[in-house]
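The values are calculated or read from the model by the stated rules, or taken from the named source; none is laboratory data. Quick caveat: nothing in here was measured; it's all calculated off a predicted structure. Cβ placement follows ideal geometry from the backbone for every residue including glycine, while neighbour counts extend to all protein chains displayed.
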Amino acid sequence: MTTDRPLLDGITVLDLASVGPAVRAARWLADWGADVIKVGPVPRDADVHITPPAYAYSAHRGMRRVLLDLKSDGGRSAFLRLIAEADVVIESFRPGVVDRLGIGYEALRAVNPGIVLCSTSGFGQTGPRAQWAGHDINYLAVGGYLHCSGRTADGGPALPGATVADSAGGGLHAVAAICAALTARGTTGEGTHLDVSIADGVLSLMSLAVDEYLADGTEPGPRHGLLTGRYAWYDLYQAADGGWLAVGAIEPRFFANLCRSLGCDRWADHQYDDEAVDAMRADFTAAFAGRGRDEWVELLGPADACVTAVLDVPELLADEQFQSRGAFTEVIHPTAGPIAQVAAPLAGQVDASGLPVHDMAQPATDEVLTWAGLDAMELATLRAEGAIA
């Protein structure tokens, strides 16, 4: 999970967002070792930003905050001084806002040709919906995700248990694009402007289903495909104690192991038999109802049957696999005190327990701007003007 030298050591990221996919991207970049500086508004403009609770976004571990009035000449000038020393800027304003503020890509590029500007938005910088407001549920809706998901009792699409669009469609989409841009910059010396659309990200996640439709006209939907519950061997089943089990026995040998372990050998030669699906599912349902959830996991997990428990959050915190991999840690927040949290579990990330935690309500404006080359007199002038705080 960890490396001796952070993979993004030496990379400085300026994060202009306060919530959503852009902040998730900054969080992951910090966990890969980037120096993330959050750029927030001065107090009189604080209502334009949502203030997350102390625990949100991993308590902003490994990040510092600077307060600038980007609408003022002094604040904009200070920001451009930061740009000269930075590698990446992440923003999530409505399309066109950074240009109106005078900090669009061309303005940044004039100061630092190698800068990577990552603009994250719901629908992208162009197109008829570019100015539309939206949230996770909206992007999952237009991207086809909700239509192909499970159904509620009234037949409607079910809400997912995680913010899939914000996290994968937006945040990780931005991280991948930023890392690709930084790699290209290593060859060309040139930065770029990345147009990260969350809806586009969801579309990418749905490409398996969309490509099937484009290839042969088969319209995907709930329980249509192999991975959305068409067959009994890729489904959820309730155990005797009310717990639930996830079954994903795709490969023939895993399916055979499942049938044998459940006492359902008669189905071993009917894995893709559509006419047998209902009867097979009924037999699997009856078999799983014969033992408790954890009994089944103990039996089927080591048997290569691709069966796992459906864990709730308290259970996953105690899960031996996650525990063995150091998936959780504790940090000390300057005002909130000890905060337990998910560590930095993605491949190549740093040891999160070693990252300092700053109180985002206590900015490090002077420290950050001094790093960018401003002297004490310049700081005093900007503060007197209300351009920084």
- With respect to the numbered conditions (1) exposed (fewer than 13 other Cβ atoms within 10 Å of the Cβ); (2) closer than 21 Å to LEU140 by Cβ; (3) acidic (Asp, Glu); (4) modelled with pLDDT of 95 or more, which one is the sole condition not fulfilled by ASP200? (1)
- Message: Here is a check on your reading of the model: is ARG260 farther than 15 Å from VAL307 by Cβ, out of contact with any strand residue (DSSP E or B) (no Cβ under 8 Å at 6 or more places or on another chain) and assigned by TED's automatic domain parsing to the domain that holds VAL297?
- Response: no
- Note on the structure: Expected output for segment 239-257 (first residue in contact (Cβ under 8 Å) with a residue 60 or more places away in the chain, partner surrounded by 16 or more Cβ atoms within 10 Å (Cβ to Cβ) and among the acidic types (Asp, Glu), Cβ below 8 Å, 6+ apart or cross-chain) is VAL247/ASP235
- Message: Based on this model, can you work out whether ALA276 counts as touching a Lys or Arg at 6+ places or on another chain (Cβ under 8 Å), over 21 Å from SER149 (Cβ atoms), among the hydrophobic types (A, V, I, L, M, F, W, C) and buried (at least 17 other Cβ atoms within 10 Å of the Cβ)?
- Response: no
- Task: Working only within segment 75-120, note down all residues that are farther than 20 Å from ALA22 by Cα, of a type in the set (Asp, Glu) and in contact (Cβ under 8 Å) with a residue 24 or more places away in the chain.
- Result: GLU85
- Message: Please go through segment 329-350 and give me each residue that is at pLDDT 90 or above, part of a loop (DSSP other than H, G, I, E, B) and of a type outside the set (A, V, I, L, M, F, W, C), ordered by number.
- Response: PRO345, GLY348, GLN349
- Test ASP166 against the criterion of being farther than 30 Å from ALA84 by Cβ, part of a helix (DSSP H, G or I) and not aliphatic (A, V, I, L, M), and give yes or no. yes
- Task: Out of ALA327, ALA318, ALA305, report the one residue that is free of Cβ contacts under 8 Å to residues at least 24 places away in the same chain and buried (at least 16 other Cβ atoms within 10 Å of the Cβ).
- Result: ALA327
- Within segment 207-217, is even one residue under 23 Å from ASP136 (Cβ atoms) and either crowded, with 17+ Cβ neighbours inside 10 Å or touching a strand residue (DSSP E or B) at 6+ places or on another chain (Cβ under 6 Å) (or both)? yes
- Query: In this structure, is LEU159 in a helix (DSSP H, G or I) and more than 19 Å from CYS118 (Cβ to Cβ)?
  - Reply: no
- Task: Inspect segment 68-82 for any residue being assigned to a helix (DSSP H, G or I), in contact with a Phe, Trp or Tyr (Cβ under 9 Å, 6 or more places away or on another chain) and not polar (S, T, N, Q) and give the result as yes or no.
- Result: yes
- Of the residues that make up segment 376-385, is at least one in the same structural domain as PRO52 (by TED's automatic domain parsing), farther than 30 Å from TRP296 by Cβ, outside any loop (DSSP other than H, G, I, E, B) and in contact with a Pro (Cβ under 9 Å, 6 or more places away or on another chain)? no
- Query: How many residues are under 24 Å from THR228 (Cα atoms), small (Gly, Ala, Ser), surrounded by 15 or more Cβ atoms within 10 Å (Cβ to Cβ) and without any contact (Cβ under 8 Å) to a residue 40 or more places away in the chain if we restrict to segment 121-164?
  - Reply: 1
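Quick test for you: out of SER92, SER58, SER72, SER77, pick the one residue that is hydroxyl-bearing (Ser, Thr, Tyr), within 25 Å of the chain's Cα centre (by Cα) and modelled with pLDDT of 95 or more.
Working: SER58 fails: modelled with pLDDT of 95 or more; SER72 fails: within 25 Å of the chain's Cα centre (by Cα); SER77 fails: within 25 Å of the chain's Cα centre (by Cα).
After ruling out the rest, the residue left standing is SER92.
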- Could you grab me the full set of residues in segment 182-206 that are outside any loop (DSSP other than H, G, I, E, B) and acidic (Asp, Glu)? ASP195, ASP200
